[in-house]
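Heads up, the thing below is written out as structure tokens.
The values are calculated or read from the model by the stated rules, or taken from the named source; none is laboratory data. Predicted, not measured: the structure shown is a model, and the values here were computed from it. Quick reminder, even Gly has a Cβ in these numbers, built from the backbone with ideal geometry, and neighbours come from all protein chains shown. We work out accessible area using only protein heavy atoms, side chains counted, and drop any ligands, DNA or RNA first. Shrake-Rupley method; radii C 1.70, N 1.55, O 1.52, S 1.80 Å.
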Amino acid sequence: MAQIKLSNLRHSYRPDPRGDDDYALKKIDLTWEDGGAYALLGPSGCGKSTLLNIISGLLVPSEGRILFDDQDVTALPPARRNIAQVFQFPVIYDTMTVYDNLAFPLRNRGRDEDIVRQRVMAIAEMLEVSDMLNTRAANLSPDNKQKISMGRGLVREDVNVVMFDEPLTVIDPHLKWKLRSKLKELHQRVKATMIYVTHDQTEALTFADQVVVMQDGEVVQIGTPVDLFERHAHTFVGHFIGSPGMNVLPCDVRGGVAFFGDKELDLEGPLAKAGEGRAEVGIRPEFVSISGNGPGVPATVRKVSDVGRHKVVEAIAFDQRVHAILEGEAPNAGDAVTLEFKRSQTRLYMDGWLASTPGGGA
Ligand code: ADP
Ligand code: MG
């Protein structure tokens, strides 16, 4: 296993890239610590597979270097990087039995049959496929084929990293939930560095100790699942995490004070730096409360949805849609109300990036 460092990485699929828009990866500096459980989270097309393929060596980056424990592997082919990669769709040999499929990566490395047997049995047990070991892979259901594909990625204990690229796409929803917890458990037992790529926040947050969030070829935040919920480094992360996502409201900043419509908003703390650019206030629906006629932002309720544990209120304030999540009583559609934003959770973003600092002030 190894620490993996991506240094000044850029990648374009075009022969003569010009602007940033021509790059699938704009500029990536990232260190994956040895033994970590990481998720790489972002919408389709943001560059996740490109990044994985650069780590595995299937792609050579246009610029920058890849280091495994400080050894430069940028020019090494995949076979010499000692990594395991599991793809979206099963990669198995249909004519072989399940046992031989799982044994393949070990035999390929010339391991003793004793060791092969031991590892195959252990992985088969973890994935609950022990009863299928003699079945020919061609006869398996798509779910089970993908399980075997994952097993092939996990069977070697000497790899630098195991990478999963949206591996649960073809899996049925019920089994998906089970496999996700299983992978987490496997990480704890196998202790290999794992990078799990997904566009699904639930998958990312249940699997990973650290989540790397990408948007449009850039890393916008790296943090624990708790960090990602509590302080969004970028409005994109706020939109992406939770349901509904963070409210992002246009505002004006005058003399270090943020105004939404004509209402002054109390921010969590002072601005990190005064700057030019598009100013927005971010507040999660969990931290918006509603009263009949308080001192807050005047609004009209448009819709109230009961989603079981709580109610989601959609209100309109200064022509903007604001969501609030309420635990108890909720107003009715059409009501005139005022919205209170919890101060410690009300943050300023400039051009998408967090610009207020916690604490300070009264
Ligand atoms: P993700 O895995 O997050 O969905 P990808 O890494 O596959 O994203 O793609 C990132 C961007 O690069 C997308 O705009 C995609 O269209 C483009 N891209 C991916 N693969 C290729 C390719 N082989 N040739 C040209 N463009 C590609
Ligand atoms: Mg992809």
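Points to keep in mind about this one:
- Simple label model, 7 Å out from Cα along Cβ direction - residue 96 to residue 353, nm: 4.8 nm
- Mean sequence separation of contacting Cα pairs (under 8 Å, at least six apart), scaled by the length of region 1-132, corresponds to a relative contact order of 22 percent.
- Length-normalised contact order for region 244-313 - Cα pairs under 8 Å, 6+ apart - percent: 30 percent
- Net charge over other residues, Cβ less than 12 angstrom from the Cβ of residue 73 (K, R count +1; D, E count -1): +1
- A straight line joining the Cα centroids of region 11-87 and region 293-351 runs 41 Å.
- Local electrostatic count at residue 159 - Lys and Arg +1, Asp and Glu -1, tallied over other residues with Cβ under 14 Å: +4
- The chain - percent relative contact order, Cα under 8 Å, separation 6 or more: 16 percent
- Cut-off 11 Å between beta-carbons: net charge of the residues surrounding residue 36, Lys and Arg +1, Asp and Glu -1: -2
- Note on residue 174: accessible area is roughly 130 Å² with a 1.4 Å probe, heavy atoms of protein only.
- Residue of 223, 269, 255 that the Gaussian network model of the chain assigns the largest fluctuation, springs spanning Cα pairs under 10 Å: 255
- Helix-only CD estimate at 222 nm, as mean residue ellipticity for the chain, using -39500 (n - 2.57) per DSSP H run (n ≥ 4): -7000 deg cm²/dmol
- GNM top mover of 266, 94, 319 - the chain, alpha-carbon springs below 10 Å: 319
- Given 145/184; 263/303; 5/48; 48/178, the pairs whose alpha carbons are separated by over 18 Å: 145/184; 263/303; 48/178
- Assigned charges on the beta-carbon of Lys, Arg, Asp, Glu; region 20-86 dipole about Cα centre (debye): 260 debye
- For the chain, the share of alpha carbon pairs falling in successive 20 Å distance bins from zero is 26, 46, 24, 3 percent.
- Electrostatic dipole magnitude of region 264-333 [Cβ: Lys, Arg +1; Asp, Glu -1; Cα centre; debye, to 20]: 220 debye
- Signed unit charges on C-beta, dipole axis of the chain, positive-most listed residue 279, 177, 116: 116
- Beta bridges from DSSP with both residues in region 4-230: antiparallel share about 50 percent, rounded to the nearest 5.
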